[in-house]
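Read through the structure below, which is laid out as structure tokens, and then see the notes.
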There are 2 protein chains.
Amino acid sequence: MFDEAITAQRCQWAPWQSKLCSAEQAAALIKDGMTVGMSGFTRAGEAKAVPMALAEMAKTNPLSITLMTGASLGNDLDRLLTEANVLARRMPFQVDSTLRKAINDGKVMFIDQHLSETVEQLRNHQLPKVDVAVIEACAITEGGGIVPTTSLGNSASFAMDADKVIIELNLAAPLALQGLHDVYFPEMRPERTPVPVVAPNSRIGGTEIAIDPSKIAAIVVSNIPDSPSTVLPPDEETQSIADHLIKFFTYEVESGHLTPSLLPLQAGIGTMANAVMSGFAHGPFKNLTMYSEVLQDCTFDLLDAGVMDFASGCSITLSEERGKTVWNNLDKYRDRLILRPQEISNLPEVVRRLGIIAVNTALEADIYGNVNSTHVCGTRMMNGVGGSGDFARNAHMSIFVTKSVAKNGDISSFVPFVSHVDHNEHDVDILVSEHGLADLRGLAPRERAQVIINNCVDPSYRPALQAYFDEACERGGHTPHCLEKALSWHHAVNVEGSMRSFIKEQELAEAEA
Amino acid sequence: MFDEAITAQRCQWAPWQSKLCSAEQAAALIKDGMTVGMSGFTRAGEAKAVPMALAEMAKTNPLSITLMTGASLGNDLDRLLTEANVLARRMPFQVDSTLRKAINDGKVMFIDQHLSETVEQLRNHQLPKVDVAVIEACAITEGGGIVPTTSLGNSASFAMDADKVIIELNLAAPLALQGLHDVYFPEMRPERTPVPVVAPNSRIGGTEIAIDPSKIAAIVVSNIPDSPSTVLPPDEETQSIADHLIKFFTYEVESGHLTPSLLPLQAGIGTMANAVMSGFAHGPFKNLTMYSEVLQDCTFDLLDAGVMDFASGCSITLSEERGKTVWNNLDKYRDRLILRPQEISNLPEVVRRLGIIAVNTALEADIYGNVNSTHVCGTRMMNGVGGSGDFARNAHMSIFVTKSVAKNGDISSFVPFVSHVDHNEHDVDILVSEHGLADLRGLAPRERAQVIINNCVDPSYRPALQAYFDEACERGGHTPHCLEKALSWHHAVNVEGSMRSFIKEQELAEAEA
């Protein structure tokens, strides 16, 4: 199988060989109806061999489980498990197109959660107990402690809560990851004390998941790398959004509202976030820090550029190219990185204390600044709310970014009334599209609407949204609406595949007037 | 004017007489365009004489201001100020019908905020600076410190932020209030440390608002009592809601999920909250605590009954009857009460740490458990989101209660799609109507819908909502909807004043089938 010497080097726990087994043998520990907690957050550090074996096994021995993870999985695991009909219930996040379809067809019950809350609910027995935890490790310590790999996510709490723990020792994961993690559990209520993170670099816990080793039911050796991230270079609109934000922050620094080190940065995953963060390499910024979920390519770019001093996250997800320069040089970053449980990386307590500047992506926003992050036309789940709610509600400044249109202009990302609300107007300080930035702080809804229409909406849709807003204002209300038309833009997408009819209607109305 | 000896007894600050002036003189310090921060939270402890004089003054010398308070004001102040056209902008909460109309007419710009956030934004210069603070006091200490009255609210931060402070010394407020307050300010970022509240009875600050006395611009003596609360005895439906909840908590205790002391309780203001809280006097509950905003009649009933050990709030609002037994007997409760700034009573950090059980009132909820707390038919503001978001997002258990119908059954409080979202499904664990309780924890949207329809919806509207849900499920989606009908129930209210046509439509459809 695998070189025993290499494996032994990573296993300091004496009885490790007695627990060694194949992925198939380990997967067989998972029974129909069980709740399984697996490592993995944004395609980083997920258990790989065991879920692959489980999907294979289910083809001949059907079973269905509740699967909890940190966030999304790589290596097509959610697809494989969905195709094998293994998933009865899935939480708290996913990004797989096959699983997405099953969720939207009502075949998999998906529990979409704020990512800081899953293990809190588990700890307080508000979710079913974890029967089996499957945790990827880069090493096992002398006392049977698990050293996680590229994500910490919910792994520590899953392992603590589980009856049985399967460790997937991944030889492809750099051993140099050891020491980066900071494993901390909030105390049980009512005796809980403050979580003592006071800065992105606060180290408050241990470097391993210290479980009762008698729970180690199997050790599976694997050698499968994480899936690389699929971040693309910014297109023109994405670059414009980044430029607007960098201009805004430059002004905030120059006018003394923020210092050149700003406040700790959080950014959602993806191309947009990468473009925005990369922008901080230029301008009056220095000694930046990050207190976020995922550490992406841009994080390491900023560390390399000497603009960023420290980055705290709960996972590292890199492109193939960037991975080559990071994974073999972890020592270079060792003093400037920390990986936390997602409960701590996203904890409202810490987000509010540190005063995070949060940058997240909106699927759509309405004229009053309510944001939909999850549901296409109010019904079809994309990925999940993720950590955006943990950050947006408690941030010093909550920023949402989106391109003004989608599908070549068939769909306006700014609508009269969002078809699903993940973040309401109270939690949205700033909205940015490629056309401009709307600073909504301290504004009433009617004021917010005018700023959003003027600054963010695509010019082609602006007259139609202005007309909606004007008509609504005539009818009155704190948040004026024409309810019979409020969701008609989405209905048009469902029926005609486009919102363009509202542009034409408005042009006709103006021509007649 | 007022007996000088009595006034002197409350003024330990030596130069107090030099600042003594009439309410009219003090009001004249407030100029057109200013931002004014006044004490007052849920009709408790608001400055009274100065805003009354301001309203009077504005009749001859028009001026308009931004008014910030803790929350709602008593003594009809918001009505008087609105009628005098004094209010250009108002935040963060109100309950006055005259002001409400002005807000909904677009005449007053109302900034509806999570009540923990106003002074955080002020501290970080995200809201305009306070020019003048007007704070009600029951005493002034030797160093010029302000001892607040029946609410602490945002008073301390307003006084710290303001250029000038007007103190309204209210001789009608018991001097025995001195010592109840716990004035604490979170440190400035990025140096902020944890807020060290670890239990409802944690005392972390001082008992007075210690301002620079050179800022004291005026001292006005008044003798005007707080408006009493208007809590009514529970009607049949309210009592049923309370009974369902008490039954639920009794089960939670008996099954070992919670101890007989539960976790600290938070309850919104009003008859519903009073009825629910009063229910805890019966059952297996003991050593209860409260960590809430407003302490109402029921709080003192539970303290008197020996069922509750301690209550922390940011204001005390009592009925006339209950006031008689509390205000003259404050010493009896002294060791079991604390009044905090609303920033601390509602702080996400503390709410999550303590694991609050939060009970708040919904205006309406949809079949997926999204809650509207504020907007009638999506447009017309009622009061504001208040502290419900601070608690619901971070609570151990977030409960929303509502009667199943309003306006004699013309309106169903459960609808296909809420017309405004204050609390989305992630933040709503349990919904209760007089018909029953829906425990939504760990459920996917399609599961949530069926439990809500079965347990909470009024039987008259149940078939129509079930039909909507069934049709939506056939179309598919994680959160199925028929967008063209989603807001039709509200539109019917706007047009016909009732949702009853959906009952009839459904009856016809079933008769035909």
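FYI, it's all coordinate maths here, none of it is from the lab. Since the model is a prediction, treat every value here as computed from it, not as a measurement. No Cβ is skipped: glycine too gets one built from the backbone with ideal geometry, and neighbour counts run over all protein chains shown.
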Response to the item:
Quick calc of log₁₀ I(q)/I(0), chain B, Debye, one scatterer on every Cα, no solvent, q values 0.07 1/Å, result -0.40
Worksheet item: Expressed as an acute angle from 0 to 90° and rounded to the nearest 10, what is the orientation of the C-alpha long axis of helix B:462-475 relative to the principal long axis of chain B?
Response: 70
Worksheet item: Starting at 0 and stepping by 10 Å, how many percent of the alpha carbon pairs of the stretch A:155-258 end up in each bin?
Response: 11, 22, 25, 24, 15, 4
Fill in: When the convex hull of its Cα atoms is projected in every direction, mean area for the stretch B:409-513 (nm²)
6.9
Worksheet entry | Pairwise Cα inverse-distance average, inverted: Kirkwood Rh of the stretch B:219-376 (Å) | 16.7
Item to complete: State, as an integer percentage, the relative contact order of the stretch B:39-128 based on alpha-carbon contacts under 8 Å between residues 6 or more apart.
Response: 25
Worksheet item: Once a ≥ b ≥ c are taken as the square roots of the eigenvalues of the Cα gyration tensor of the stretch A:470-513, is the result rounded (a/c under 1.5), prolate (a/b larger than b/c) or oblate (a/b not larger than b/c)?
Response: oblate
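If we count every other residue with Cβ under 10 angstrom of A:T150's Cβ, Lys/Arg +1 and Asp/Glu -1, where does the sum land?
-2
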Practice prompt. Mind pulling the angle between the C-alpha long axis of helix B:445-455 and the longest principal axis of chain B? Nearest 10 degrees, somewhere in 0 to 90.
Written response: 90
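Considering only Cα-Cα distances, which of the following residue pairs are longer than 31 Å: A:K19/A:K129; A:K107/A:K215; B:K101/B:K407?
Details: A:K19/A:K129 23 Å; A:K107/A:K215 33 Å; B:K101/B:K407 20 Å.
Long pairs (Cα-Cα over 31 Å): A:K107/A:K215.
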Practice prompt. Name the long-range amide H neighbours of B:G153: under 5 Å, sequence gap of 5 or more, or other chain; modelled H, no Pro or chain starts.
Written response: B:Q342
Practice prompt. May I ask for the equivalent-ellipsoid semi-axes of the stretch B:1-59, computed as the square root of five times each C-alpha gyration tensor eigenvalue and listed largest first in whole Å?
Written response: 23, 15, 12
Worksheet item: In peptide B:465-476, what is the residue-averaged number of other protein chain Cβ atoms found within 10 Å of each Cβ?
Response: 1
Worksheet item: Based solely on its DSSP helices, what 222 nm [θ] is calculated for chain A when runs of n ≥ 4 H residues each add -39,500 (n - 2.57) and the sum is averaged over all residues, nearest 500 deg cm²/dmol?
Response: -9000 deg cm²/dmol
Discussion item. Can you classify the stretch B:442-501 as rounded, prolate or oblate using the Cα gyration tensor, where a ≥ b ≥ c are the square roots of its eigenvalues, rounded means a/c under 1.5, and otherwise it's prolate if a/b beats b/c and oblate if not?
Written reply: oblate
Worksheet item: Between the helical axis of B:49-60 and the dominant principal axis of chain B, each derived from Cα atoms, what acute angle in degrees is found, rounded to the nearest 10?
Response: 90
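Taking the Cα centre of the stretch B:259-408 as the origin, how large is its charge dipole in debye, to the nearest 20, when only Lys and Arg (+1) and Asp and Glu (-1) carry charge on their Cβ atoms?
I would put it at about 140 debye.
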Worksheet item: To the nearest whole number, what is the average tally of beta carbon atoms from other chains within 10 Å of the beta carbons of peptide B:115-125?
Response: 2
Worksheet item: Over the Cα atoms of the protein assembly as shown, what Rg and Dmax result, in angstrom?
Response: 28.7, 95
Worksheet item: Where does the charge balance sit around A:A511 when Lys and Arg score +1, Asp and Glu -1, over other residues with C-beta under 14 Å from its C-beta?
Response: -3
Discussion item. If N is the number of residues in the stretch A:252-316, what value comes out of its Cα radius of gyration divided by 2.2 N^0.38 Å?
Written reply: 1.04
Item to complete: Calculate the tail of P(r) for the stretch B:312-391: the fraction of all Cα-Cα distances greater than 21 Å, expressed in %.
Response: 49
Worksheet, complete the sentence: Scoring chain A by relative contact order with C-alpha pairs under 8 Å, at least six apart, yields a percentage of 13
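How charged is the neighbourhood of B:W489? Take every other residue with its Cβ under 12 Å from the Cβ of B:W489, and add Lys/Arg as +1 and Asp/Glu as -1.
Taking every Cβ under 12 Å from that of B:W489, the sum is -4.
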Worksheet item: Under the definition of partner shielding as Cβ atoms of other protein chains within 10 Å of a residue Cβ, what is the mean value for peptide B:179-190?
Response: 2
Practice prompt. Rank-order B:106-114, B:403-411, A:450-458 by packing density, defined as the average count of other C-beta atoms within 10 Å over each peptide's residues, highest first.
Written response: B:106-114, A:450-458, B:403-411
Item to complete: Pop the C-beta distance of B:D410 and A:T325 into the FRET formula with R0 = 41 Å and round what comes out to the nearest 0.05.
Response: 0.05
Worksheet entry | Cα centroid separation - the stretch B:393-455 against the stretch A:63-119, whole Å | 25
Fill in: Proportion of all alpha-carbon pairs of the stretch A:362-452 beyond 18 Å (%)
38
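If I take every Cα pair under 8 Å that is 6 or more residues apart in the stretch A:214-368, average their sequence separation and divide by the length, what percent do I get for the relative contact order?
24
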Fill in: A:R203 versus B:F2: modelled label distance in nm, points set 7 Å from Cα along the beta carbon direction
5.8
Discussion item. Need one word for the stretch A:52-121: rounded, prolate or oblate. Basis is the Cα gyration tensor (sqrt eigenvalues a ≥ b ≥ c); a/c below 1.5 gives rounded, then a/b vs b/c decides.
Written reply: prolate
